[in-house]
1. Please tell me if K118 is closer than 30 Å to L164 by Cβ, open to solvent by 50 Å² or more (accessible area, probe 1.4 Å), in contact with a helix residue (DSSP H, G or I) (Cβ under 9 Å, 6 or more places away or on another chain) and of a type outside the set (V, I, T).
2. Checking K221 against (1) surrounded by fewer than 13 Cβ atoms within 10 Å (Cβ to Cβ); (2) touching a strand residue (DSSP E or B) at 6+ places or on another chain (Cβ under 9 Å); (3) of a type in the set (D, E, K, R); (4) without any contact (Cβ under 8 Å) to a residue 40 or more places away in the chain, only one condition comes out false. Which one?
3. Mind listing just one residue for me: the one in region 62-108 that is within 14 Å of V180 (Cβ to Cβ) and among the hydroxyl-bearing types (S, T, Y) and, of those, farthest from the chain's Cα centre (by Cα)?
4. Considering only residues that are touching a Ser or Thr at 6+ places or on another chain (Cβ under 8 Å) and either among the charged types (D, E, K, R) or open to solvent by 30 Å² or more (accessible area, probe 1.4 Å) (or both), look in region 233-250 and name the one that is farthest from G153 (Cα to Cα).
5. Please verify whether region 167-182 includes one or more residues that are surrounded by 15 or more Cβ atoms within 10 Å (Cβ to Cβ), at pLDDT below 95 and in a loop (DSSP other than H, G, I, E, B).
6. Looking at (1) in contact (Cβ under 8 Å) with a residue 24 or more places away in the chain; (2) part of a helix (DSSP H, G or I), which is the only condition R86 fails?
Amino acid sequence: MINNNPIGLFDSGVGGTSIWRAINHLLPNENTIYLADSKNAPYGEKSKEEIILLSKKNTELLLELNCKIIVVACNTATTNAIKELRASYDVPFIGIEPAIKPAAHNSKTQTIGVLATKGTLSSELFNKTVALYQNTKIVEQIGHGLVELIESGAIDSPEMDELLHSYITPMIEKNIDYLVLGCSHYPYLIPKLKKILPKNVQIIDSGEAVARQTQVVLKEKIGFSNLNKSSHLFYTNGNSLVLSELLEKKYTVLEKDF
């Protein structure tokens, strides 16, 4: 089954490009369209109703652009809105949620840390997942301010270092041996996190798992592209320079009001 229509992805800003990278690495022949809703970032501080409305707006734009499958490259949007999206639109959705399962299964100290947004940690889906692992102590930390700093291009700022130390040090003191990144923006902080964390603490994000699930759904339901050369479009309603820098200026980023 061949389908050359693009894979659509959206996030509350630039962070979902970490998911895009994993998908592009696994499925290099697929065309993609990425929406960075930076104007409304972060979703993690918004109400469930607002998150659903924004997710529907992004979905409808991607459907207008003929996307064959939509990846909700945002933990907060997945945990708060994907049920409504699947009920409202006749297109497959791939979600992203914190990878608690592999961390809990492999933890030797039976203590894991989860760094995520308020919207993810307070969601019904997240709390249902946590309830499955009652033998594991889960240390939750809201990453206040992290998304905003990433969105403003301030990953290497003193403010970022200060925030990360304040969030991660208490987790280390509670003896975590896994740190689960519960926001698609946070993989861009891995180099900094590795400098703070002891060597025995492993970092887990959801990028590879999302890419594999996308591959499965394309194979079983939608079809792969058979193009020799893929194209990638990036749209942002924020500052195109920040997104362009994260993509190492390899792709054209277009500013669009949506």
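The values are calculated or read from the model by the stated rules, or taken from the named source; none is laboratory data. Computed from a predicted structure; not experimentally measured. Counting neighbours? That spans all protein chains shown, and the Cβs are built from the backbone with ideal geometry, glycine included. Ligands, DNA and RNA are stripped out before the accessible areas are found, and what is left, the full protein with its side chains, is counted by its heavy atoms. Shrake-Rupley method; radii C 1.70, N 1.55, O 1.52, S 1.80 Å.
1. yes
2. For K221, the failing item is (4).
3. Going residue by residue through region 62-108, those that are within 14 Å of V180 (Cβ to Cβ) are 75, 79, 96-107.
Next, only the ones that are among the hydroxyl-bearing types (S, T, Y) stay: 79, 107.
On the way: T79: 11, S107: 23 Å.
Ranking the qualifying residues of region 62-108, first place goes to S107.
4. Going residue by residue through region 233-250, those that are touching a Ser or Thr at 6+ places or on another chain (Cβ under 8 Å) are 233-234, 236-239, 242-243, 246-247.
With the extra rule that they be either among the charged types (D, E, K, R) or open to solvent by 30 Å² or more (accessible area, probe 1.4 Å) (or both), the set shrinks to 233, 239.
On the way: L233: 21, N239: 10 Å.
Of everything passing the filter in region 233-250, L233 is farthest from G153 (Cα to Cα).
5. no
6. (1)
This table checks each residue for (1) in a helix (DSSP H, G or I); (2) within 22 Å of A116 (Cβ to Cβ).
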position: S184; (1), (2): no, yes
position: K195; (1), (2): yes, yes
position: A211; (1), (2): yes, yes
position: K219; (1), (2): yes, no
position: N226; (1), (2): no, no
position: Y235; (1), (2): no, no
position: E245; (1), (2): yes, no
position: K249; (1), (2): no, no
